[in-house]
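Enquirer: Structure in structure tokens, see below.
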Amino acid sequence: MTVVDAADDHSNILSVTGISKSFPGVQSLKRVDFSAKGGEIHALVGENGAGKSTLTKIISGAYVQDEGEITLNGEKVFWSGPGDAQRAGIHVIYQELVLFPELTVAENVFINDQPLTRLGIIDYHAMARRADDVLRRLGAQIDVRQRVKNLSVADQQMVEIARAFIGSVKVLILDEPTAVIFGVEVDLLFERLLALRAAGVAIIYISHRLEEIFRIADQVTVLKDGVRIATLPVTEVDRDKLISMMVGRPLTDIFPPRRRDQSDAPIILRAVGVNVGSRVKSASFTLRRGEVLGLAGLVGSGRTELAQAIFGGLPFDSGEVEIDGKVFTKTSPRTSIAEGVGLLTEDRKGEGLLMQLSIAANIAAPRLRDILRGPFISPRIENGIAAKEIAKFSIAAPGPQTVVAGLSGGNQQKVLFSRWVRTCRRVLLLDEPTRGVDVGAKVEIYRIIRQLADEGYAILVISSELLEIVGICDRTLVMCEGAIAGELIGSAISEEAIMAMALPK
Amino acid sequence: MSTTVLAKPKLVSHRVSRVVERNGLLLFCLLLTAGAAIFAPGFRSPNNLQNVLTNAAPLGVVVLGQCLVILVRGFDLSVASVMATAAVVATSFDYSTDWSVIPILAVSLVMALVVGSVNGYLVTQRRVSPFLATLAVMIVLQGIRFAWTKGAPSGRVPELIRMIGSQAIHSVPINLILLVILAVFVGVMLERTAFGRKIYMVGGNPRAAELVGVNVNWITFLCYVLSAILAALGGLVLVGYVGSVDNWVGRGYELNSIIATVMGGVSLSGGRGSVFGALVGAFVLTEIFNIALLLGFPVQFQWVVKGVVILLAVAVYLRADRSR
Amino acid sequence: MTYNHITSISSLPFLFWQRFLNWLGLAVVIEIVVIALLFVVGFLVSEHFRTTGNVADIFEQMTGLAFVALGQTVVIITGGIDLSLDATIALTSSLLSGVVNGRADLAAPMIVAVLAIGITIGLVNGALILTLRVHPLIITLAVAAVIQGFALLYTLMPIGSMPDGFDSFAFEHLFGIPIGAIVAVLLFGLVGFILIYTRLGRRIFALGGEPIAARLVGIPVNWVVLFVYGLSGLCASLTGIYLVSRLGIGNPTGDTNFNLASITPVILGGTPLTGGRGGVLGTLLGVLLVQTLNNVLNFLDVSTFYQWMIQGLIVIAAVSIFVEKRRRVA
């Protein structure tokens, strides 16, 4: 893919060159160049994990880059913290708003800079007046004396934007701003953004909603796997071309062959109309014995919540889960485990492993009676079981009593696998099974998954890596904004097809 | 959503902090004992040693309970009050026969059960912080006790309890033997039963424990109940040692037991530590006070020592904890 | 330009008094009602209750608690807690009466010194909390132990005395109200003013509500922490001074139990332990409520021991009802 540059223009307000950043186990950005011109809306797109968030945090001073430079208005700059960038006029509106819910709108807008009277005390009148001014200029009608916690999320977002505007703003970065607002509020936001553009502000707009990009952006940059793929004027691309740029990568031969049609196998798990707050809306699907079902979708589309709700880690508001014929209107981890359903969580350190315990203890955790002899735990039985699993999954560790905190990510994941595979023999819900795992271990895990399916397990795989879904799933569901947007079977599963369904309309 | 990652320099290398946490206390204990044997007048006398052990035993019993609660990420400030209440119970019955020990035990245990249940309920069902919950319970219990004794507890302790609390067999204090028995019981429970394993799981990662089917609330609740029961037993042992009861029996034990447990390597963030470590902590703490006295420091100096020890323990252990 | 007024949570028509009550807050309103009820009960129970002498009594008794509750309120708003109150009171009160020992020329300097000591203890608390990064609960308890040790090392028993006239702080009345109480109320007003009308005050709330966000927006957290604990230390030493004025002598044993007692009025006043909101008015009324309750119970011949119990029960009830999110240790 050739890298296309917009004409090199000296009216670039912000310019970053050669930015690289890596975290333990993953190279987040690889020598990325990016620039934003004043009076222009520049969109930034890419899959989950493409590096958009990291790039934003480097530009705004929350992270420090490993290599590369940031140039602002022609001068090289270096941020020692977000405060520096803010003072220089770079403001980010993150998806998680940085607000103080108990304080009023006016106080939030002026949180670190309250206007004072001549006597040195806070001038609430002036503060309210000025906050009101800013908000009106931005086109919002918000009661500045209200507590922020009483506002709608859209209004809260407006408050944060207003806060950015009490100073001078050179660069405004918006990270998924329309994730939480709809309809008329989106229109309003766009009006304001266009006004800001006219005023010469450089706006960087990160979003998954491609039609918005076509609506207001002038330029678009595509990131993929930490690399800048292209920067083009919006007029020169269309939706399909964007998607293929976001997704296209050479296929490598790392997946075991897929099974074909599983539609005659018995249904082991069925979810009917599951609702989880605002995160999952009336999701229904079936899972058959021996099949590997993928669950794809963007971050925040509700996949993890659905899996957790089925397992019982999260309560669901309505709906049913049927396991091998038995119907449950409420699930709990204990009943799920008893019914042979296991959940390998997305966050293995936070929700999966007991980090300070041994491999053996972690493996035995869901069903302690396996290692009991009489009323007491038998170390012999415990270690015996663990030793078997270590051999079976080729876990690289000195012994069964090794504390899991000392293992590599791949081996930790294998410990979790062995825990669930031996305890729950019907259904395995795997949430991001290869996250933070090196390539070698990934291949092993794919092999394991396929083998388990062959042995009769019903497996649900949640993954943000489209390649994975395409590679190992017999069938895939795609979630979008809490609902199941579509299903792809067999050879119909492709990265483009998934993306097309995953992106909001 | 990704979070801002700010690199935190490790203050102490991983290996060193692990060694410190595992063996530091034992090393310190040995050093202290050796140093005291050399420098502190009278430390070496068998009488003094026996004294220290007898002194440490009641604390040890309470520490066993505190250990459980701290392991599940809480702590119990009501132990001192429970001890005192048990002491009051011990002196409230007809002391002329030894059989009065039975009602004493029964009443104390029931009292402990109730107190522990209230603590457990507040912490698990009402989501009150352990600090506030156990502190409030402590005060309420104190009030009940004051009302019952009209502010002036009195009475004699039955002979059996006196004997257990202060006598020795072949210069081994009986209350120490009792402590060892209880310690073995609690220790085995922690290390070798499903219940104990679940305690470590709940303390180490309550969410992960929940997701493997553990009833986190129930386990936590039981720990508070056990803590109260052990505190009551500790109170009986203490009153046996002291021989009489007053308003301030057990004063300071809530703080002392927490310090001893933390010093013993039981992490305040839960899921880590052992009964053995906590007991060594109890012994070391008592030893420190003993040495201070032998060196001529006034009794009040204990307070200063306590405060400094907490700060040091916090600085060392919680730091080591963080660098994980 | 017109501004919308604070929106009411109910759907009833918009009356002035409704807006006012809303502004006061639910807790304050409840407190006022309860206090009024208590007064009614008191009136009915005993003639003596109605006397101005008794009312003055209530104010007199609540002054000591009022000071520490004030300091505790501000600390709790930042999401912390100060448990070194009893120790600070022990040290400051005994040093005051012990050093002065009746000599009038030493009184004023010692008062200043003692206030300085209180502030210093508070600053030490704050500094340790910032550097050791451990929950204030543990830090203030540890510091309390050390300070308590110093107090007991200084003297085991109450010692010393104050010159004549010193007791006027506690006992002298101005327009029928004890001077001590007036000072306390003024101090409440001052701190309340700071909380609402200064940047520092707003930062205190910001820090309590969202400590992470506070750092992210650049609030100088360190200064805020040092200030609130220093203030709490100052308030503790004020209570120490007040107690000396009232009792004539300092008490080094630290059994004043203000650590817990100071928390009750704060919670009753609507300031949650998790911080981020609340205020001093609620606390002031909370102190009045607790004291009035004790007073009425006295008249009802309920022994002081039950009063202890009731205090604890009130705390339990208050925290059970206003269920808060359990705070993660920062």
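The values are calculated or read from the model by the stated rules, or taken from the named source; none is laboratory data. Just so it is clear, the structure is predicted and the values come from calculations on it, not from any experiment. Neighbour counts are summed over all protein chains in view; Cβ atoms, including those assigned to glycine, are modelled from backbone coordinates with ideal geometry.
Enquirer: B:ARG156 fails exactly one of the following numbered conditions: (1) touching a Gly at 6+ places or on another chain (Cβ under 9 Å); (2) surrounded by 23 or more Cβ atoms within 10 Å (Cβ to Cβ); (3) more than 14 Å from chain C (Cβ to nearest Cβ). What is the number of that condition?
Expert: Among (1) touching a Gly at 6+ places or on another chain (Cβ under 9 Å); (2) surrounded by 23 or more Cβ atoms within 10 Å (Cβ to Cβ); (3) more than 14 Å from chain C (Cβ to nearest Cβ), B:ARG156 violates only (2).
Enquirer: Same structure again: Go through A:LYS76, A:LYS37 for me and flag whichever is farther than 30 Å from A:GLU465 by Cα and either free of Cβ contacts under 8 Å to residues at least 12 places away in the same chain or among the polar types (S, T, N, Q) (or both).
Expert: Of A:LYS76, A:LYS37, the one residue that is farther than 30 Å from A:GLU465 by Cα and either free of Cβ contacts under 8 Å to residues at least 12 places away in the same chain or among the polar types (S, T, N, Q) (or both) is A:LYS76.
Enquirer: Criterion first (of a type outside the set (A, V, I, L, M, F, W, C), buried (at least 19 other Cβ atoms within 10 Å of the Cβ) and at the interface with chain B (Cβ under 9 Å from one of its Cβ atoms)) does C:GLY160 satisfy it?
Expert: Here the answer is no, as C:GLY160 does not meet what is asked.
Enquirer: In segment A:11-34, which residue that is within 14 Å of another protein chain (Cβ to nearest Cβ), in contact (Cβ under 8 Å) with a residue 12 or more places away in the chain and of a type in the set (A, V, I, L, M, F, W, C) is surrounded by the most Cβ atoms within 10 Å (Cβ to Cβ)?
Expert: Once the filter is applied, the top-ranked residue is A:LEU29.
Enquirer: If you don't mind, another one. Working only within segment C:136-150, note down all residues that are within 20 Å of B:ILE70 (Cα to Cα) and touching a Phe, Trp or Tyr at 6+ places or on another chain (Cβ under 9 Å).
Expert: Of everything in segment C:136-150, those that are within 20 Å of B:ILE70 (Cα to Cα) and touching a Phe, Trp or Tyr at 6+ places or on another chain (Cβ under 9 Å) turn out to be C:PRO136, C:LEU137, C:THR140.
Enquirer: What are the residues in segment A:101-124 that are touching a helix residue (DSSP H, G or I) at 6+ places or on another chain (Cβ under 6 Å), closer than 15 Å to C:ILE196 by Cβ, more than 8 Å from every other protein chain (Cβ to nearest Cβ) and not in a loop (DSSP other than H, G, I, E, B), if any?
Expert: A:ALA106
Enquirer: Condition check: modelled with pLDDT under 90 and either hydroxyl-bearing (Ser, Thr, Tyr) or surrounded by 20 or more Cβ atoms within 10 Å (Cβ to Cβ) (or both). Does B:ASN256 satisfy that?
Expert: Criteria met by B:ASN256.
Enquirer: Still on this structure, please answer the following. Looking only at segment A:352-373, count how many residues are in a helix (DSSP H, G or I) and surrounded by 19 or more Cβ atoms within 10 Å (Cβ to Cβ).
Expert: Within segment A:352-373, residues that are in a helix (DSSP H, G or I) and surrounded by 19 or more Cβ atoms within 10 Å (Cβ to Cβ) number 9.
Enquirer: Then there's this: In segment C:40-78, what residues are buried (at least 24 other Cβ atoms within 10 Å of the Cβ) and either over 17 Å from the mean Cα position of the chain (by Cα) or of a type outside the set (A, V, I, L, M, F, W, C) (or both)?
Expert: Within segment C:40-78, C:THR63, C:GLY64, C:GLY71, C:GLN72, C:THR73, C:THR78 qualify.
Enquirer: Next question. Name the residue, out of A:LEU306, A:LEU293, A:LEU287, that is more than 14 Å from chain B (Cβ to nearest Cβ) and either assigned to a helix (DSSP H, G or I) or polar (S, T, N, Q) (or both).
Expert: Criteria check complete, one pass: A:LEU306.
Enquirer: Determine, yes or no, whether B:LEU178 is aliphatic (A, V, I, L, M), crowded, with 24+ Cβ neighbours inside 10 Å and either within 30 Å of B:ILE139 (Cα to Cα) or touching a helix residue (DSSP H, G or I) at 6+ places or on another chain (Cβ under 6 Å) (or both).
Expert: Answer is no for this residue.
Enquirer: Which residue out of B:VAL314, B:VAL280, B:VAL305, B:VAL275 is modelled with pLDDT of 75 or more and either touching a strand residue (DSSP E or B) at 6+ places or on another chain (Cβ under 6 Å) or within 9 Å of chain C (Cβ to nearest Cβ) (or both)?
Expert: Residue meeting the stated conditions: B:VAL305.
Enquirer: Can you pull out the residues in segment A:79-100 that are assigned to a loop (DSSP other than H, G, I, E, B) and either under 30 Å from C:LEU195 (Cβ atoms) or touching a strand residue (DSSP E or B) at 6+ places or on another chain (Cβ under 7 Å) (or both)?
Expert: Residues satisfying the conditions are A:GLY81, A:ALA88, A:GLY89, A:TYR94, A:GLN95, A:GLU96, A:LEU97, A:VAL98, A:LEU99, A:PHE100.
Enquirer: Check whether at least one residue in segment C:244-259 is within 18 Å of B:LEU135 (Cα to Cα), away from chain B (no Cβ under 11 Å) and either modelled with pLDDT under 90 or part of a helix (DSSP H, G or I) (or both), and report yes or no.
Expert: Yes, there is a match, as at least one residue in segment C:244-259 is within 18 Å of B:LEU135 (Cα to Cα), away from chain B (no Cβ under 11 Å) and either modelled with pLDDT under 90 or part of a helix (DSSP H, G or I) (or both).
Enquirer: Looking only at segment B:212-232, how many residues end up being surrounded by 24 or more Cβ atoms within 10 Å (Cβ to Cβ) and within 10 Å of chain A (Cβ to nearest Cβ)?
Expert: Going through segment B:212-232 one residue at a time, the tally reaches 1.
Enquirer: Here is a further query. Within segment A:81-102, track down each residue that is at pLDDT 80 or above and more than 15 Å from A:ALA162 (Cα to Cα).
Expert: Of everything in segment A:81-102, those that are at pLDDT 80 or above and more than 15 Å from A:ALA162 (Cα to Cα) turn out to be A:ASP84, A:ALA85, A:ARG87, A:ALA88, A:PRO101, A:GLU102.
Enquirer: Now for a different question. Residues to consider are A:ILE181, A:ILE206, A:ILE142; find the one that is surrounded by fewer than 20 Cβ atoms within 10 Å (Cβ to Cβ) and either under 27 Å from A:ALA36 (Cβ atoms) or within 14 Å of another protein chain (Cβ to nearest Cβ) (or both).
Expert: A:ILE181
Enquirer: Among the helices (runs of 4 or more DSSP H) contained in segment B:90-205, which hold 3 or more residues that are of a type outside the set (A, V, I, L, M), touching a Ser or Thr at 6+ places or on another chain (Cβ under 7 Å) and touching a residue at least 40 places away in the same chain (Cβ under 8 Å)?
Expert: Helices (runs of 4 or more DSSP H) meeting the threshold: B:101-124, B:130-149.
Enquirer: Inside segment C:245-257, can you point out the residues that are more than 19 Å from C:ALA104 (Cβ to Cβ) and surrounded by fewer than 24 Cβ atoms within 10 Å (Cβ to Cβ)?
Expert: C:ASN251, C:THR253, C:ASP255, C:THR256, C:ASN257
Enquirer: Hey, another quick one. Being within 30 Å of A:VAL16 (Cα to Cα), free of Cβ contacts under 8 Å to residues at least 40 places away in the same chain and within 10 Å of chain C (Cβ to nearest Cβ) is the requirement here; does A:ASN150 meet it?
Expert: Spelling it out, it is not the case that A:ASN150 is within 30 Å of A:VAL16 (Cα to Cα), free of Cβ contacts under 8 Å to residues at least 40 places away in the same chain and within 10 Å of chain C (Cβ to nearest Cβ).
Enquirer: Please state which of the following conditions A:VAL299 fails to meet, knowing it meets all the rest: (1) more than 9 Å from chain B (Cβ to nearest Cβ); (2) in a loop (DSSP other than H, G, I, E, B).
Expert: Here A:VAL299 meets the rest and fails (1).
Enquirer: Just to verify a result, which residue in segment A:55-73, among those that are more than 14 Å from chain C (Cβ to nearest Cβ) and either touching a residue at least 60 places away in the same chain (Cβ under 8 Å) or small (Gly, Ala, Ser) (or both), is nearest to A:GLU176 (Cα to Cα)?
Expert: Filtering first and then ranking leaves A:THR56.
Enquirer: Could you list all residues from segment A:39-64 that are under 11 Å from A:ILE19 (Cα atoms) and surrounded by fewer than 23 Cβ atoms within 10 Å (Cβ to Cβ)?
Expert: Result: A:VAL64, single match.
Enquirer: Within the bounds of segment A:43-50, is there any residue that is of a type outside the set (Asp, Glu) and over 24 Å from A:GLU496 (Cβ atoms)?
Expert: no
Enquirer: Oh, and also: Got a sec? Which of B:VAL184, B:VAL115, B:VAL128, B:VAL202 is within 13 Å of chain C (Cβ to nearest Cβ), at pLDDT 90 or above and either buried (at least 16 other Cβ atoms within 10 Å of the Cβ) or more than 23 Å from B:ALA80 (Cβ to Cβ) (or both)?
Expert: B:VAL115
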